[in-house]
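J.: Right, I'll just put the structure down here and ask away after.
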Amino acid sequence: MKPSPLRYFRPTSLPDALDVLARLGDEGKVLAGGQSLIPLLSMRLAAPPALVDINSVPGLDEITVDAGTLRFGALVRHTDLERSDAAFAAQPLLRRALLNVAHLTIRNRGTTVGSVVHSDPSAELPAVLTLLGGSVVAQSRAGGRQTERKIPASEFFIGPLESALRPEELAVAVEVPVAAPGEGTALVELARRHGDYAMCGVVARAVVEGEQLKSLHATYISAGDMGSVVDLGAEVGAVGADQVDLDALGAFARKVVETDGDIHATAEYRSHLVQVLTARAVRAAVDDAVNDVRKEAS
Amino acid sequence: MTEQVNLVDESAEELHDVRVNVNGTWREIRVPARRLLSDALRHDMRLTGTHVGCEHGVCGACTVILDGRPVRSCLTLAVSVHGHEITTVEGLTGPNGELHPAQQAFADCHGLQCGFCTPGFVTTIAAYLEENPDPSEEDATEAISGNLCRCTGYQNIKKAVLRAAELKRGGAEGQGEARQ
Ligand SMILES: Cc1cc2nc3c(=O)[nH]c(=O)nc-3n(C[C@H](O)[C@H](O)[C@H](O)COP(=O)(O)OP(=O)(O)OC[C@H]3O[C@@H](n4cnc5c(N)ncnc54)[C@H](O)[C@@H]3O)c2cc1C
Ligand code: FES
Ligand code: FES
């Protein structure tokens, strides 16, 4: 249970970090909070020749809200984002999701950007980013020239533990749109113990205008395809916010969301959870949206 | 001073000089990059109060306080803490050996049996009380939810969180009250 020998770099500026990553190419791996990477190293499931520790790179720990976008840097720890009132006001779903990520001690060190990049299908953040239509800001340097690209969530998650990020790229930040008026969100999951990875989880987003439901979408944790959004709104059609048939939606989700069995739950049980948790998440998201509409009106 | 026993031949590996403040004293160690902070504390610094259970972040036995926040020392590389401050369970005790409220509370409430998990609980609770000096019972449960104990069944540990808060707030007032 010890990592294998590796080389270690601790760049102290962003250009240096990008240069080291460019030089190392496939041989280098970014070390952020280490809360996913170090267990993999210790169990020898990963043995990268070199680590690039970004913890001393200045300027990566900022949370900003600007022009309808909430942005958090690569060194914003889960705890920092969860406690940021500005982030909560801009997009309440993040705090709701982060409170389900591991335990406080892990959140103190783990970064939210790292959790996105890690692309674990049983993690909360990839499902949240996909549902919100957020993106990953990736930077790299070649021949002394710095380039940046924004990768939308729909293209970022390729599969379990696989993302569109290239080895020489650093995810400097993640961006999500600020909540729209009448937007309601919820994350509902079931884990063996609170803080564990969920056996199944549903993230739902509803938009209500006046009394009418305008749209309704969901993404899934530990179920379904990574990076895909289920359009539940198309299934319910144009109805009042208080007329959503939750049972029918649960049954629909069970049909369209594929599940696999593993040591934690059978595929059958997961499908059952998809059904039940979809209904609960939709209820909570629609209620949240209705509350938002009332708040705006008063 | 005990002689260092080198269990692994690290002669071929690149070594890094790490300067870290542990329990108020700056220490210098020379370690390969792959050295976990838990091992650096226990082997290189001979501070064996920090325990290692699962070594992959699940049990909490190795919890130390890094720059004021509890973290898993088994999920941190020693090289990464260069220039930072760490408090281990040894550092919670006062200069004359007086127990920290979190330690005293474990004694008062019978919060330990074999004691293997205790250093991790005590560091977690000590850091928690700095931010939440007046936890409810529910808060107490949440505060310790990331730490595993195979002996006690947790009820007395939960009592110890509340007792520690009480001791911390009221100084030594009521000491021994909760002892049964
Ligand atoms: C006991 C335990 C329970 C957990 N439970 C949960 C849970 O319930 N839900 C959950 O979502 N997570 C859980 N986690 C994981 C935790 O959320 C991690 O913090 C997170 O997944 C990774 O963030 P990190 O900063 O620690 O990344 P690291 O471990 O440092 O890195 C993870 C991966 O991402 C890459 N990477 C990280 N940051 C960047 C970057 N900026 N640019 C490019 N590449 C990067 C690394 O190279 C590595 O491949 C748990 C972890 C533990 C130990
Ligand atoms: S030894 Fe670190 S969490 Fe178990
Ligand atoms: S007292 Fe034995 S594991 Fe907690």
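J.: Among the numbered conditions (1) within 12 Å of chain A (Cβ to nearest Cβ); (2) in a loop (DSSP other than H, G, I, E, B); (3) more than 16 Å from ligand 3 (Cβ to nearest atom); (4) not polar (S, T, N, Q), tell me where B:Leu47 comes up short.
T.: Going through the list (1) within 12 Å of chain A (Cβ to nearest Cβ); (2) in a loop (DSSP other than H, G, I, E, B); (3) more than 16 Å from ligand 3 (Cβ to nearest atom); (4) not polar (S, T, N, Q), B:Leu47 breaks only (1).
J.: Kindly check whether there is at least one residue in the stretch B:40-57 that is under 19 Å from A:Ile106 (Cα atoms), within 16 Å of ligand 1 (Cβ to nearest atom), outside the structural domain of B:Gly115 (by TED's automatic domain parsing) and among the polar types (S, T, N, Q).
T.: Looking for residues that are under 19 Å from A:Ile106 (Cα atoms), within 16 Å of ligand 1 (Cβ to nearest atom), outside the structural domain of B:Gly115 (by TED's automatic domain parsing) and among the polar types (S, T, N, Q), one finds none in the stretch B:40-57, hence no.
J.: Just to be sure I understand, how many residues within the stretch A:219-255 are over 13 Å from A:Ala281 (Cβ atoms) and assigned to a strand (DSSP E or B)?
T.: 2
J.: Only one of B:Cys114, B:Cys54 is open to solvent by 20 Å² or more (accessible area, probe 1.4 Å), more than 17 Å from B:Gly146 (Cβ to Cβ), within 13 Å of ligand 3 (Cβ to nearest atom) and assigned to a loop (DSSP other than H, G, I, E, B); which?
T.: Result of the check over B:Cys114, B:Cys54: B:Cys114.
J.: Got at least one residue in the stretch B:79-101 being at negative phi, in a loop (DSSP other than H, G, I, E, B) and β-branched (Val, Ile, Thr)?
T.: yes
J.: For A:Glu62, which of the numbered conditions (1) open to solvent by less than 40 Å² (accessible area, probe 1.4 Å); (2) among the charged types (D, E, K, R); (3) more than 14 Å from every other protein chain (Cβ to nearest Cβ) fails to hold?
T.: (1)
J.: What residue, of A:Leu41, A:Leu21, A:Leu45, is within 19 Å of A:Ala171 (Cβ to Cβ) and not charged (D, E, K, R)?
T.: After ruling out the rest, the residue left standing is A:Leu21.
J.: Between A:Leu21, A:Leu51, which is away from chain B (no Cβ under 14 Å) and either surrounded by 15 or more Cβ atoms within 10 Å (Cβ to Cβ) or of a type outside the set (Phe, Trp, Tyr) (or both)?
T.: A:Leu21
J.: Only one residue in A:Arg83, A:Arg107, A:Arg71 is buried (at least 23 other Cβ atoms within 10 Å of the Cβ), of a type in the set (Lys, Arg) and more than 16 Å from ligand 3 (Cβ to nearest atom). Which one?
T.: Numbers: A:Arg83 fails: buried (at least 23 other Cβ atoms within 10 Å of the Cβ); A:Arg71 fails: buried (at least 23 other Cβ atoms within 10 Å of the Cβ).
Exactly one of A:Arg83, A:Arg107, A:Arg71 is buried (at least 23 other Cβ atoms within 10 Å of the Cβ), of a type in the set (Lys, Arg) and more than 16 Å from ligand 3 (Cβ to nearest atom), namely A:Arg107.
J.: Then there is this: Among the listed residues A:Ala204, A:Ala164, A:Ala198, identify the single one that is outside the structural domain of A:Ile106 (by TED's automatic domain parsing), open to solvent by less than 60 Å² (accessible area, probe 1.4 Å) and over 25 Å from A:Ala90 (Cα atoms). Walk me through it before giving the result.
T.: Details: A:Ala204 fails: over 25 Å from A:Ala90 (Cα atoms); A:Ala164 fails: outside the structural domain of A:Ile106 (by TED's automatic domain parsing).
After ruling out the rest, the residue left standing is A:Ala198.
J.: Filter the stretch A:65-86 for residues that are within 14 Å of another protein chain (Cβ to nearest Cβ) and in contact with a Phe, Trp or Tyr (Cβ under 9 Å, 6 or more places away or on another chain) and give the result.
T.: Within the stretch A:65-86, A:Asp80, A:Glu82 qualify.
The values are calculated or read from the model by the stated rules, or taken from the named source; none is laboratory data. Keep in mind the model is a prediction, meaning the values are calculated, not measured. Neighbour counts run over all protein chains shown; Cβ positions are idealised from the backbone, glycine included. Side chains are part of the model used for accessible areas, which takes the heavy atoms of the whole protein and leaves out ligands, DNA and RNA. Shrake-Rupley method; radii C 1.70, N 1.55, O 1.52, S 1.80 Å.
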